Every structure is written in structure tokens, then in C-alpha cells.
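The structure appears below as C-alpha cells.
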Amino acid sequence: MTPLIIFAILAVLLITGMPVSIALGLTVFSFLFGFSDVPLDAIALKLFTGIEKFEIMAIPFFILAGNFLTHGGVARRMIRFATSMVGHWYGGMGLAAVVACALFAAISGSSPATVMAVGSILIPAMVKQGYPAQFGVGTVATAGGLGILIPPSIVMVMYAVATSGMVVTGPNGEAVMSASIGTLFMAGVIPGLILATMLGTTTTYRAWKNGYPRLPRAPWRERILAFRESVWGLMLIVIIMGGIYGGIFTPTEAAAVSAVYAFVIAVFVYKDIKLRDVPRVLLTSAAMSAMLLYIITNAVMFAFILTSEQIPQALSAWIVDLGLGKIGFLMVVNVLLLIIGMVMEPSAIVLIMAPILYPVAVALGVHPVHFGIMLVVNMEIGLCTPPVGLNLYVASSLSKLGLTEVTRATWPWLLTALSFLMLITYVPALTLWFPGMLGMK
């Protein structure tokens, strides 16, 4: 009955429209006062120690770096470079949007930020070139999801934090450690490139089928010039990934370096942000960081209650006894996460569900890194599905289309993303090969 009581309280609070972070905290305290003998001082201690993990510091730094780059004209230069390279193909501007989203995702870590940065420039430009607004919206809203799959990814950091320190028993009785942020980042590279290719293929096919316009082929001189203008932003990808792989700094230190680097190129190199505008960027980043850290704090308390009541262990034993096997379990998890993703924000879902599902997955022989990337892909699709898909709302505000129109516009790319989810779920080598080659698996 304990799991039913906890999740019933949480469900009732969420149905009232209460913010997820507050609902998690009230669920914990309601259960403590009414149904548990866990001392309050243990919760008070957990409330403060839960966010003392060094890895959590990566979140505000990546948010700050993304905000500097979003306001600093980096996206505009990346779009120009992408357009010069692929604009002459079928659906060239749509394909440029996919490439630009992939490039910006590699420096921002946020899907809504990617949609905003790329969509604010390319959606009006595509309409001006003769593309239907729905085509531009569908392309950008779904390709923007690459923001949490291609590293660095804030959602990957959330998964690592949610499972940090968990030592779970594997199918053969061996102890399995949780995945590190650095390993997750490397594991997201190949899946991110594959999904970008699949979304680009869908874009090109639909443009060819409907006879949408193509841009003139850009001369090599223009391409080289566009690359030179965007190279300062692209270098951030090298700094983050090369620094982590080379052992120069940890993912958290990489986040701090990226924030400083983004500040320097936005203010002193590109000069798109004035020094007087820096406090506004800092304040915006602080507000976003505080919101996420508050969610993390309450989610840590929620996970503590679940663990103290032995709920993940009981759930793990129950599912194993059902005989679903690895294939059946992963399918059930995908369906569950897709449904939850329609009504909740990705960070909250990962922080709530990861501590519950992770022990079950490991007990059935699923690699922690593979399971983490699968969760991220589910969250990516959730950002593009109503009624709470953040990417849809951002695309709607940029295009002035209603939410229903935006939702209909995304369905071809959404089907592509669902196909990719099945691929990444049942072919773990796509996720594990690259970190394994680097000796990180």
C-alpha cells in the first residue's frame, strides 16, 4: 500500500495544477506526518546534503553559457554557415535548420533554448522564401530536441545526479555502478548524429515531395567566410568534448570553462552583448538555475522517501518476477515515459522516475549508460508532444500559429523520432560503442 499512498498524494497535488517541485515536497511531508516514522531531522539533513553534489554545479554554468550564446549572435552565425553548406539541397533552409539545431545543441544543453535561438531566425526566413510556416515549425520544433541529446545536456546531468551513488545488483549478482556525466556525454554523440541525419532525411524528402524552393548554391568563398565567422562558437564544442575526453577537466569544470568562454566571445569577440547587458543575462540564468535546483532539492527528498520505504527494490523484484524480460520491460518504460512526457517537464520526470526504474533496468541486464540515453530520447519526444511540450509552445510563439496547428505540423518528424527511439532502445551498441572505444564504458 505504501507506493500507492505516495503516488496517490503526488497525483492529487499535480492534478490541482501545483508546480511539480512544490508537489514533490508536499508529498514527502504529507507522507512523513501521516504514514511514516522517518525522523524529520533526517529529511532536513537530506534537504541540504542532496544538492551538495559537485556534479550539480554543471547545471547553472551550462545555463549561463547557453544564455550568453543565445543573446550573443552565435546562433545567427551558425545558421549562416549551415545554410551556405546545405541550402541548395531540397528543403535547403529546413535542412539548414536541422544542422543549425545540431550545432547549437552541442553548446547549449537545452532544447527550448535551441528552438528559440534557431527558430527566431529561420522560421521567418523560411516563410519569406516561400516555405509554408508549418514546414518551418515542424522542422525546428523537433530538431530543437537535439538540445538535450547532443552533449552537453542538462537532462543527462539530471540523470547522473538522480542515480549518483546508487550501487545496484546486476542480473548475475554483480554490483553495478551508476553512469558518470562524462560517459553519458560521450554516449550521446552517435545517437545525436543519427537522429539529426534521420530528421534531415525527413525534411529533404518532404521538401522534394512538395516542391519547396531551394537556395542557389553558395560559392566556396562564402562558405569559408561563414565558417570563419562561426568558428569561435564551434570551438566551444571542441573545448567541452576534448577537455572531458582528454582528462583536462571534469564535466562540471567544463561547464564553468564554457560559461567563461561564452562570456568572452559574446562580449569581446562578437561584441553582440554590451557590458551593461551582462547583469541581465546573469539574472536570467540565476532564475532558471534556481528553478531547476529547487526541483532537484525536492526530487532528492522524494527519492529518499522511496528508498527508505524500499519501493525501488520491491518494484524491481516484482517486475523481474513478472517475466517481462529486458525487451518487454524497455517497451513498457518507453510507453510510460512517453505518456508522462506529455504532461510533465523532462527534468522533473528524470529526477522522479530514474531512481525508481534504474534498479529494475540494471537487474534485467540493461547498461546504465544505455538506459540513460533512452530516457533522454523519451524526454526529447515529450518536448514535442502536447499538452505540455515546451518546444511546441516556443515554436507557436515564434510562428504565431496555434498549438493545434503546430502539433499537426510536427507529426512527420515526430514519427521519425519515435522510429529512432525504437532503434536506440533495442540496439544498445549505438549508444555504447563510442564511450567503449574511448575506454569510458
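Annotations for the structure displayed:
- Theoretical FRET efficiency, 1/(1+(r/R0)^6), r = Cβ-Cβ of Gln134 and Thr201, R0 30 Å, to 0.05: 0.95
- Neighbour count of at most 11 Cβ within 10 Å plus DSSP loop: longest GluC sites (Glu not before Pro)-free window in the chain: 175-441
- Among Pro251, Pro171, Pro368, residue whose mean-square fluctuation peaks in a GNM of the chain (springs only between Cα atoms under 10 Å): Pro171
- FRET efficiency for Asp37 and Ile248, using Cβ-Cβ distance with R0 set to 51 Å, rounded to 0.05: 0.60
- Between helix 20-35 and the chain: long-axis angle, C-alpha atoms, 0 to 90°, nearest 10: 0 degrees
- Only aspartates and glutamates eight or more places from Lys326 in sequence, or on another chain, were considered; those with a Cα closer than 20 Å are Glu174.
- Simple label model, 7 Å out from Cα along Cβ direction - Leu324 to Leu26, nm: 3.0 nm
- Angle in degrees between helix 346-363 and the longest Cα principal axis of the chain, rounded to the nearest 10: 60 degrees
- Computed extension length for Arg408-Ile194: 74.6 nm, one decimal, from 0.36 nm per residue of separation with the Cα-Cα distance subtracted.
- Paramagnetic reach from Val269 in region 70-89 [backbone N under 14 Å; point 7 Å along Cα→Cβ]: 70, 72-78
- If the chain linking Met437 and Arg223 were pulled fully straight, counting 0.36 nm for each residue of separation and taking away their Cα-Cα distance, it would gain 73.8 nm.
- Derived scalar couplings ³J(HN,Hα) [region 137-154; Karplus, 6.51 cos²θ - 1.76 cosθ + 1.60; whole Hz; x for Gly, Pro]: 5, x, 5, 6, 4, 7, 5, x, x, 4, x, 9, 9, 7, x, x, 9, 5
- Taken along the Cα-to-beta-carbon direction at a fixed 7 Å, the label points for Ile5 and Met422 span 4.2 nm.
- Computed label-point distance, nm, for sites Thr16 and Ala317 using a 7 Å Cα→Cβ extension: 3.4 nm
- Across the options Pro151, Ile79, Val369, the greatest Cα extent toward the positive end of the charge dipole of the chain (unit charges at beta carbon of Lys, Arg, Asp, Glu) belongs to Ile79.
- In the chain, the DSSP-assigned H stretches of four residues or longer account for a calculated mean residue ellipticity at 222 nm of -24500 deg cm²/dmol, using -39500 (n - 2.57) per stretch and the full residue count as denominator.
- Between helix 111-128 and the chain: long-axis angle, C-alpha atoms, 0 to 90°, nearest 10: 30 degrees
- Taking a point 7 Å from the Cα of Leu234 along the Cα-to-Cβ direction, the residues of region 92-110 with backbone N closer than 18 Å to it are 95-108.
Readers should treat all values here as calculations from the given coordinates under stated rules, not as data from a laboratory. Everything quoted here is computed from the prediction, not taken from an experiment. Methodologically, a virtual Cβ is constructed for each residue, glycine included, from the backbone with ideal geometry; neighbour enumeration extends over all protein chains shown.
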